[in-house]
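The values are calculated or read from the model by the stated rules, or taken from the named source; none is laboratory data. In this text, all values refer to a predicted model and were calculated from it rather than measured experimentally. Here Cβ is always computed from backbone atoms with ideal geometry, including for glycine, and neighbour counts include all displayed protein chains. Remember, those area values only see protein heavy atoms, side chains included, never the ligands or the DNA or RNA. Shrake-Rupley method; radii C 1.70, N 1.55, O 1.52, S 1.80 Å.
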Amino acid sequence: MDETIYLNKLEQRKIKPTAIRLLILKTMMQRQDAFSMTDLENELDTVDKSTIYRTLTLFLAHHLIHGINNGTGALKYAVCSNDCNCEIDDQHTHFYCEKCHRTFCLKHIHVPVVPLPPGFTIQSIGYVLKGLCSECSSAGATLLSAEDRPHLL
């Protein structure tokens, strides 16, 4: 991808471009799935952990990325689209694959907003579906052991 794409994304969110920020953003945008801080650390082994953490915190604060709690205990991140402001109306569904442990943004499936009683205010919504991604399903879900198969209620 052309570097101007990364520069424009940073400029749109009023983030000063630095070499490290560009490197981290470029790495994140090349991923098709959501990623953890550990994923970034492994991919960017020359960048120290605290720099990655500070950059993710900055990107979150400026709504360049959004964080996803997929229920595994590790926060996952994904780059926001240009028109996303991380408001309730921008929230979308996420899918966690129980076999390959990847988390996917399903941007075309918006999170249903539930009507709340008077006085309640929604600050954020997390909507995670769990199962097998298309790759794992087509690779033969029958190869899963009984304890790894999704349970039906």
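Here is a check on your reading of the model: is residue 61 open to solvent by less than 60 Å² (accessible area, probe 1.4 Å), of a type in the set (A, V, I, L, M, F, W, C) and closer than 28 Å to residue 23 by Cβ? Walk me through how you get there before you give the answer.
Details: open to solvent by less than 60 Å² (accessible area, probe 1.4 Å): no; of a type in the set (A, V, I, L, M, F, W, C): yes; closer than 28 Å to residue 23 by Cβ: yes.
For residue 61, the condition - open to solvent by less than 60 Å² (accessible area, probe 1.4 Å), of a type in the set (A, V, I, L, M, F, W, C) and closer than 28 Å to residue 23 by Cβ - is not met.
I'm told residue 73 meets every condition in (1) small (Gly, Ala, Ser); (2) free of Cβ contacts under 8 Å to residues at least 24 places away in the same chain; (3) crowded, with 16+ Cβ neighbours inside 10 Å except one. Can you identify the failing condition by its number?
Among (1) small (Gly, Ala, Ser); (2) free of Cβ contacts under 8 Å to residues at least 24 places away in the same chain; (3) crowded, with 16+ Cβ neighbours inside 10 Å, residue 73 violates only (3).
Spot the failing condition for residue 68; the list is (1) in contact with a helix residue (DSSP H, G or I) (Cβ under 9 Å, 6 or more places away or on another chain); (2) under 25 Å from residue 136 (Cα atoms); (3) crowded, with 18+ Cβ neighbours inside 10 Å, and only one is missed.
Only one criterion in (1) in contact with a helix residue (DSSP H, G or I) (Cβ under 9 Å, 6 or more places away or on another chain); (2) under 25 Å from residue 136 (Cα atoms); (3) crowded, with 18+ Cβ neighbours inside 10 Å is unmet by residue 68, namely (1).
Within segment 100-121, can you find the residues that are touching a residue at least 24 places away in the same chain (Cβ under 8 Å), farther than 14 Å from residue 69 by Cα and open to solvent by less than 70 Å² (accessible area, probe 1.4 Å)? Write out each step before concluding.
Of segment 100-121, the ones touching a residue at least 24 places away in the same chain (Cβ under 8 Å) are 100-105, 107, 113.
In the following step, the residues that additionally are farther than 14 Å from residue 69 by Cα were identified as 100, 107, 113.
The answer is 100, and nothing else.
Report, ordered by the first and then the second residue, all pairs with beta carbons closer than 9 Å, sequence separation of six or more or different chains, a first member in segment 21-42 that is at pLDDT below 90, and a second member that is in a helix (DSSP H, G or I) and not charged (D, E, K, R).
Pairs that qualify, where the first residue is at pLDDT below 90 and the partner is in a helix (DSSP H, G or I) and not charged (D, E, K, R), are 35/27; 35/28.
Quick one: in segment 27-50, which of the residues that are of a type in the set (Ser, Thr, Tyr) and surrounded by 14 or more Cβ atoms within 10 Å (Cβ to Cβ) is nearest to residue 134 (Cα to Cα)?
Just the residues of segment 27-50 that are of a type in the set (Ser, Thr, Tyr), to begin with: 27, 36, 38, 46, 50.
Now restrict to residues that are surrounded by 14 or more Cβ atoms within 10 Å (Cβ to Cβ): 27, 36.
Working: 27: 24, 36: 21 Å.
Looking at the filtered set, the residue picked out is 36.
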